[in-house]
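Colleague: Dumping the structure here so I can ask a few things about it.
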Amino acid sequence: MLAYTVKRLLQGAATVWFIATATFVAMHSVPGDPLANQRATSEEIRRNLEERYGLDRPVIEQYGIFLGSMLRGDFGISFTQENRRVNDIIRENFPVSATLGILAVTFAALGGILWGALTALYRNRLPDLVITFLVILGISVPSFVVAALGQLALVNLNAAVGEPLLPVAGWGTLRHMIVPSLVLGLGTMAYLTRLMRSSMLEIADADFIRTARAKGLPPTRIFLKHQLRNAILPVVTVLGPAIAAITTGGFVVELVFAIPGLGRYFVTAVQQLDYTVIMGTTVFYGAFLVVMVIAVDLLYGWIDPRVRLE
Amino acid sequence: MDAQPAPRRDPVTRAAVRQLLVLGAVCVAVFAGLMAALAWASSITGGGSAVHRAIDFETRTITLVLEDEPPQLDSTRSTDAISFRILGHVMEGLIRYDASNDLVPGVAERWEIRPEGATFWLREDARWSDGRPVTAHDFVFAWRKVVDPANASEYAFILYPVRHAEAINTRTLPVEQLGVRAVSPRVLEVEFEGPVAFFDKLVAFGLYFPVREDFYESRGERYGADAVDLLYNGPFAMTRWVHGAHVRLEKNPHYWNRDTVQLNTIDMPYVTSDTTAAVNLFKDGSIASTGLGQEQLEEAMKLRWNLGRYVDGSVFYVDFNFRPERPTSNVHLRRALQLVNDSAELVNKVIALPGYQPGVSMFPGWLTGVEGPFRHEYPPPVVTPDHDKAREHLAIARQELGDIRPLVLLTDDSPIANKQAEYYQNLFQRTLGIEIRLDKQIFKQRLEKMTSGDFDMVAAGWGPDYADPLTYGDLYASWNGNNRGLYENPELDAQVRIAQSSLDPRTRMDAFGEIQRILIEDAVHLPAFERGRLFVQRPELRGVVRRTVGTDPDYTHAWLEETP
């Protein structure tokens, strides 16, 4: 177990290094000038700026400097937020994204398991058909539409009640979190519902369920201990990547609901060619994803005794 | 897969559904508990209050949305509109613009501008937000910072009229040589590089704001990075700045003219560039004012909102590439394109947004000439679309160039730029049979391609830095770095030099009139439109000033009025 964990962590470190290098190469090969601005700058001012950001050195040296400071956990100063360190941006804004992400994932996982189990139990009857239809809707409608509709619903709700029940946008309190996290988790919940449904149906025909019934176990026990527990396994497997995807993919929801998360910085940095922020957020998110996948694999071994971690 | 339906009265199913209901209840409880825990945790790390009302009469507070986070608020290095908007409320220069856009005393109570220099007498009661007086030395320190090469300020050129500024910025002179000095704490003496006709207007610009040396040094790299890392001498002071989330300005009790400031607080607890979200906030009664995009226009009309509109001062046009190997260096080809271009059609039928004006000149309609509007005193030559004449010019161009290859039109990838580019593509193909290839790029890549000359035509725009025609007039001078098509015309250069060095309004405006004529007659570019802005505002909020140059919108003189 310990050896396995160490091995996976080493592999993870190599993956992060690869992500960092690939991003560095891609970033420097994209056309466009990070220092360009509407007003043309004179040669001198340009040279001053290049010096400030170390862009006057050869690319390979820049790469070396970048790797060195990355190992020390320092991603440098943002090109566009000139007085802020990339570390500060991550430290201040990632907790917001993480809060939103945790809520959305919890909502998606709990909802997905419940609805999936329900549809499997009512297979081909009305509840199943209705929920399956909603699931297809949930998977195919993009998040910016759901976010805009969710916000519009809030406006109408507040207007109907006559006083501000839930804030339309912004961040900071419980009331700010409810709708954005539901909107963010909706797509994943739909996906997990479908996964859970097929997994439940597969298990329902399994030999051990038949055995359990045959030997007369109480139905409650069969369902909880045997069917549900086994059916959850595939859901747990995709949970790791789902957490990372939700936490990093909150850009649209953050924009619509004016939430100060990291996703916004991540996307606008690419548009503005903010080299240090691109590198910082990519490496950070990359490491986050790797850690999540490893965590889920370890969790998997704990839930499913058939899996041996070696 | 689902061949046989489950038997209806299966005891397992019924028990399972009951179990699921219990589980569901547990899940809801877990979710609610988790949410409460996280809300508590994030309130520790600095959250905001739950609900903001657009207008609070009791505390005289207005709530607004901020489109973007200011990169930083060190005025010596600012470049963007959001920073200048906030700085315009929390800082004050020697001279400022009043509610009717006239120049009025700011920190300086009076001033004298001569051909070779200027003197400013500072008022006694001008104070920083820590109560200490604003002195002439604060201006000397700030101006030196702007031109100091180590500071790498992109807007440093705006101080070039001050003696030695350019030489210092290009490292040929030490920064102490800058032509500005504090004769006494309350007298500031400025020397010019050459005569400058609009120095009073320049001084109102954000890069000329004061910075206090001891405070600046005490903050080091952090100056302007947070609300506590700045000193304020304007009508408001920033009391809260949660990055990406919340900016709050409160009335500055040390401001010399505090009695004229009516609002106590300008609160901006929302930061988003999504106009739909902003309009939803407005509809919800959470914010007092917001800009409108095209998508929200229909709804705003339906809800009978009171729409405000104004021109923001920017002009948009299509630039040509004059490098000799480019077909667009041929005047007859440019003439042909100019003769089919119809900016009225572009604005009225294609863009179709209220507030936009068809482009007819490089000099927008809001500029002032000798006495009245510049374009009334110097009407631009009219180009009426004439397809026959255009084809004649095209024939000549074909003789001179041979076959004309498809032209590359470089453009931004934004909704309006897309509409504009597709309009030209269709227009030139339909009327002249010239094929246009669109090269859509994000802003920074478009700029790089413009600078390296990788285009035949480019959809570009220009916003004013100061309220003088020269802010547009010198763009096509052969030495101007923004002249990215490398247009070169000694006749035009001569007129720019006159406009730059003369102090006589008539002579200068005559020069701008000539520049305008040359730009059109030589078909140097195709004017497209003058941008308009649409906004909605709560009727209780009065006295907000919208400007083409300077702080926009300006809430300094705004007040609240309860409507029946």
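The values are calculated or read from the model by the stated rules, or taken from the named source; none is laboratory data. Quick caveat, the model's predicted, so the values are computed rather than measured. Every residue, glycine among them, receives a Cβ derived from its backbone with ideal geometry; neighbour counts consider all protein chains shown. Just so you know, the surface numbers come from the protein's heavy atoms only, side chains and all, with ligands and any DNA or RNA stripped out. Shrake-Rupley method; radii C 1.70, N 1.55, O 1.52, S 1.80 Å.
Colleague: Return the long-range amide H neighbours of B:Leu438 (sequence gap of 5 or more, or a different chain), with a cut-off of under 5 Å between placed amide H atoms.
Modeller: HN-HN under 5 Å from B:Leu438: B:Leu409.
Colleague: Based on the Cα atoms of the protein assembly as shown, what semi-axes does the equivalent ellipsoid have, where each is the square root of 5 times one gyration tensor eigenvalue, given in whole Å with the largest first?
Modeller: 56, 33, 28
Colleague: Then there is this: Can you give the average number of partner chain beta-carbon atoms within 10 Å of each beta-carbon in peptide A:251-257, as a whole number?
Modeller: The per-residue average across the peptide is 3.
Colleague: Along the charge dipole of chain A, pointing to its positive end and built from +1/-1 on Cβ of Lys, Arg, Asp and Glu, which listed residue (A:Val296, A:Ile45, A:Ile19) has its Cα farthest out?
Modeller: Of the listed residues, the answer is A:Val296.
Colleague: With the solvent-accessible surface defined on protein heavy atoms using a 1.4 Å probe, which residues belonging to region B:219-246 display a reduction of at least 50 Å² in accessible area in the multichain context relative to the isolated chain?
Modeller: B:Glu221, B:His243
Colleague: Where a ≥ b ≥ c are the square roots of the eigenvalues of the C-alpha gyration tensor, would you call chain A rounded, which needs a/c under 1.5, or, failing that, prolate if a/b is larger than b/c, or oblate?
Modeller: Oblate shape, in that a/c is at least 1.5 and b/c is the bigger or equal ratio.
Colleague: Another question, if that's okay. 7 Å from Cα along Cα→Cβ at both B:Gln177 and B:Leu401: what's the point-to-point distance in nm?
Modeller: For B:Gln177 paired with B:Leu401, the spin-label model returns 4.7 nm.
Colleague: Which of the lysines could a cross-linker bridge to A:Lys225, judged by Cα under 22 Å and excluding same-chain residues fewer than eight apart?
Modeller: Hits, sequence-local ones excluded: A:Lys215.
Colleague: Let me spell out the model: positive unit charges on the Cβ of Lys and Arg, negative unit charges on the Cβ of Asp and Glu, origin at the Cα centre of chain B. What dipole size does that give, in debye rounded to 20?
Modeller: The dipole magnitude comes to about 1540 debye.
Colleague: Run the simple label-point estimate for B:Arg506 and A:Thr220 please: 7 Å along Cα→C-beta, distance reported in nm.
Modeller: So the two model labels end up 10.3 nm from each other.
Colleague: Using a probe radius of 1.4 Å on heavy atoms only, what accessible surface per residue do you get for chain A? Whole Å² is fine.
Modeller: Spelled out: the 1.4 Å probe surface of chain A, per residue, equals 45 Å².
Colleague: Something else: Taking the Cα centre of region B:313-532 as origin and charging only Cβ (+1 Lys, Arg; -1 Asp, Glu), how large is the dipole, in debye to the nearest 20?
Modeller: In debye, rounded to 20, region B:313-532 gives about 500.
Colleague: Also, quick follow-up: Compute the accessible area per residue over region B:81-220, keeping the other protein chains in place, probe 1.4 Å, unit Å².
Modeller: Details: 5300 Å² over 140 residues.
Dividing the accessible area of region B:81-220 by its residue count gives 38 Å².
Colleague: Let me ask something additional. With a 1.4 Å probe and all protein chains left in place, how much of the accessible area of the protein assembly as shown comes from carbon and sulfur atoms, in whole percent?
Modeller: On the way: 21370 of 37510 Å².
Of the solvent-accessible surface of the protein assembly as shown, carbon and sulfur hold 57 percent.
Colleague: Specify the inter-centroid distance of region A:57-119 and region B:536-550, based on alpha-carbon positions, in whole Å.
Modeller: Between the Cα centre of region A:57-119 and that of region B:536-550, the gap is 38 Å.
Colleague: Further question: May I ask you to compute the full-extension gain from A:Arg306 to A:Arg72, defined as 0.36 nm times their residue separation minus their alpha-carbon distance, rounded to one decimal in nm? The partial results should precede the final answer.
Modeller: On the way: separation 234, 0.36 × 234 = 84.24 nm, distance 4.02 nm.
Contour length minus the Cα-Cα distance gives 80.2 nm.
Colleague: What FRET efficiency would be calculated for the residue pair A:Ala287, A:Arg229, taking the C-beta separation as r and a Förster radius of 25 Å, to the nearest 0.05?
Modeller: Step by step, r from the Cβ atoms, then E = 0.20.
Colleague: Select from chain B the helices, each a whole stretch of DSSP H, whose alpha-carbon atoms run 18 Å or more along the helix axis and whose Kyte-Doolittle mean is at least -0.5; answer none if there are none.
Modeller: Passing helices, by number: B:11-44, B:505-521.
Colleague: Another question, then. Of B:Val134, B:His164, B:His246, which is farthest on the positive side of the dipole of region B:126-263, counting Cα position, with +1 on Lys and Arg Cβ, -1 on Asp and Glu Cβ, and the Cα centre as origin?
Modeller: B:His246
Colleague: Could you tell me the relative contact order of region B:81-220? Use alpha-carbon pairs under 8 Å, at least six residues apart, and round to a whole percent. Provide the component values of the computation, followed by the final result.
Modeller: Numbers: 238 pairs, mean separation 41.6, N = 140.
Across region B:81-220, relative contact order equals 30 percent.
Colleague: Given a 1.4 Å probe and the protein chains all in place, what does the accessible area of B:His89 round to, in Å² to the nearest 10?
Modeller: 10
Colleague: Cα gyration tensor of region A:244-308, axes a ≥ b ≥ c as square roots of the eigenvalues: rounded (a/c below 1.5), prolate (a/b > b/c) or oblate? Present the calculation step by step, with values, prior to reporting the outcome.
Modeller: Working: a/c = 5.06, a/b = 2.14, b/c = 2.36.
In terms of gyration-tensor shape, oblate.
Colleague: OK, next. Using only protein heavy atoms and a 1.4 angstrom probe, determine the accessible area buried between A and B, summed over both sides, in Å² to the nearest 100.
Modeller: Rounded to the nearest hundred, the buried surface is 6900 Å².
Colleague: Let me ask another. If you take the square roots of the eigenvalues of the alpha-carbon gyration tensor of chain B and sort them as a ≥ b ≥ c, do you get rounded (a/c under 1.5), prolate (a/b over b/c) or oblate?
Modeller: In terms of gyration-tensor shape, oblate.
Colleague: Okay, moving on. At a Cα cut-off below 28 Å, give the lysines reachable from B:Lys449, other chains included and same-chain residues fewer than 8 away excluded.
Modeller: List returned: B:Lys419, B:Lys440.
Colleague: How far is helix A:126-140 tilted, in degrees, relative to the longest principal axis of the Cα atoms in chain A, given as a value from 0 to 90 rounded to the nearest 10?
Modeller: The helix A:126-140 is inclined about 10 degrees to chain A.
Colleague: Additional query: Roughly what angle does helix A:59-71 make with the longest principal axis of chain A, taking Cα atoms, 0 to 90 degrees, to the nearest 10?
Modeller: Once rounded, the angle reads 50 degrees.
Colleague: Sticking with this one: Grab the DSSP H runs of the protein assembly as shown that are 4 residues or longer, score each as -39,500 (n - 2.57), total them, divide by all residues and round the 222 nm result to the nearest 500 deg cm²/dmol.
Modeller: Counting only the DSSP helices, I get -15000 deg cm²/dmol.
Colleague: Another question, then. Please check region A:175-215 for residues whose accessible area, probe 1.4 Å, is lower by 50 Å² or more when all protein chains are in place than in their chain alone.
Modeller: Listed by number, the residues meeting the 50 Å² cut-off are A:Arg213.
Colleague: Still on this structure, please answer the following. Work out the charge dipole of region A:48-110 with +1 on the Cβ of Lys and Arg and -1 on the Cβ of Asp and Glu about the Cα centre, then indicate which of A:Tyr63, A:Gln81, A:Phe107 is farthest towards its positive end.
Modeller: Result: A:Phe107.
Colleague: Now a separate question. B:Asp493 versus B:Ala29, label points 7 Å from Cα toward the beta carbon: distance in nm?
Modeller: 8.4
Colleague: Further question: Go ahead and run the numbers for FRET between B:Asp454 and B:Val104, Cβ-Cβ distance against an R0 of 30 Å, rounding to 0.05.
Modeller: According to the calculation, E is roughly 0.05.
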